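In what follows, a structure is listed as C-alpha cells, so that the remarks can point back to it.
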Amino acid sequence: MIPCEIRWAVPFVDGPPEGLLDERERQRYAGYRQEADRRRFLTGRMLAKRVAGERLGLAPEAVRFDATCTDCGAPHGPPRIPGAPLALSISHSGERVGVAVTGGEPVGLDVESTARRIDASLIGYALGETERAELDALPPNERGDGFFAYWTAKEAAMKATGRGLRIPLRSLTMSAPGEPPRLLASTDPALPSNAIRLARLGPGAEYRGTVAVLTSDVLDVTERWWAP
C-alpha cells in the first residue's frame with residue numbers, strides 16, 4: 001500500500017514570510033500581475049515547504065526546491081528536492097490550494113473549480129467519444145461536475161508523469177464520473193493504464209480534485225486542511 005498525503009488550504013492573504021522564498025521563487029511571485037495568482041503561488045510554496053520540512057526534519061525556511069523545467073530550463077516545473085525520499089505535486093484553482101506528497105512515487109494532483117464555464121469546444125478538446133457520450137447521459141445540472149471529474153483525473157495522471165499537457169488529453173480514457181477514477185486506456189507510451197492509481201478527493205463544495213500516483217499498488221490517501 002502506497003501512502004499519499006494531501007494538504008489543502010485557502011490562499012494566504014499576507015506577503016511572503018521572511019526567508020521562505022528563494023531568489024527564483026521571489027521573482028516568480030513578483031512576476032504575477034494578479035494578486036490572486038500571487039496568493040495562490042505563495043500558498044502552494046508555503047504548504048509544500050511545510051510538508052517537505054515535516055518529512056525531512058527541516059524548518060520550512062530551510063527547504064529549497066529545484067523547479068527547473070526539463071524542457072526550457074525556466075523555474076516553473078514541479079518542485080523537487082534531489083535525493084530526498086519524497087515527491088510533491090501542487091495544484092490550485094479559485095480559493096483552493098493543494099499539495100500531494102508521497103514517499104518518492106511520482107505523483108500528480110489537480111483541483112478545479114466546477115464554477116468554471118465549459119463549452120462544446122472544451123469538451124471536444126478534453127474528452128474522447130465514449131467519455132462525451134457518458135457526459136451527455138448525465139442530467140444537465142450534473143454535467144459540469146462530471147466534466148471536471150474527467151478533467152482532474154486526466155490532469156493528475158499527466159502531471160504524475162512529469163510531461164503534463166505534452167500528453168494529449170484525448171489520448172487517455174477515464175472511468176465515468178460516478179465510478180471510482182481509473183485509467184481505462186491510454187495511447188501514450190508514457191502512461192500505461194496498468195501502472196497508475198487514482199483517487200477522488202474532497203476539496204470542498206464547488207471543487208473537484210483527483211490525485212494520481214505512478215504505481216500498481218493500492219493507494220492509502222489521507223487529506224488534511226492547513227491554516228497558517
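The values are calculated or read from the model by the stated rules, or taken from the named source; none is laboratory data. These figures come from a predicted structure and were not determined experimentally. We place every Cβ from the backbone using ideal geometry, glycine too, and count neighbours over all the protein chains shown. Please note that ligands, DNA and RNA were not included when accessible areas were found on the heavy atoms of the full protein model with its side chains. Shrake-Rupley method; radii C 1.70, N 1.55, O 1.52, S 1.80 Å.
Assorted remarks:
- Of the residues making up the stretch 176-224, just one is more than 18 Å from the chain's Cα centre (by Cα), of a type in the set (Asp, Glu) and under 20 Å from Leu135 (Cβ atoms), namely Glu179.
- Restricting the stretch 207-228 to residues that are among the β-branched types (Val, Ile, Thr) and in a loop (DSSP other than H, G, I, E, B), the residue that is least open to solvent (accessible area, probe 1.4 Å): Thr215
- Considering the stretch 191-206, and only residues there that are touching a Ser or Thr at 6+ places or on another chain (Cβ under 7 Å) and open to solvent by 40 Å² or more (accessible area, probe 1.4 Å), the residue that is nearest to Glu105 (Cα to Cα) turns out to be Arg197.
- Tally of residues being open to solvent by 30 Å² or more (accessible area, probe 1.4 Å), of a type in the set (A, V, I, L, M, F, W, C) and free of Cβ contacts under 8 Å to residues at least 24 places away in the same chain across the stretch 43-73: 4
- Look at the stretch 90-101: where a residue is touching a residue at least 40 places away in the same chain (Cβ under 8 Å) and a partner is among the acidic types (Asp, Glu) and buried (at least 24 other Cβ atoms within 10 Å of the Cβ), sitting 6+ places away or on another chain with Cβ atoms under 6 Å, you get Ser91/Asp110.
- Of the listed requirements (1) more than 25 Å from Arg26 (Cα to Cα); (2) in contact (Cβ under 8 Å) with a residue 60 or more places away in the chain, Gly144 misses just one: (2).
- Some residue of the stretch 22-42 being open to solvent by less than 50 Å² (accessible area, probe 1.4 Å), touching a Lys or Arg at 6+ places or on another chain (Cβ under 9 Å), farther than 19 Å from Gly162 by Cβ and in a loop (DSSP other than H, G, I, E, B): yes
- Checking each residue in the stretch 106-135 for being acidic (Asp, Glu) and farther than 12 Å from Pro177 by Cβ picks out Asp110, Glu112, Asp119, Glu129.
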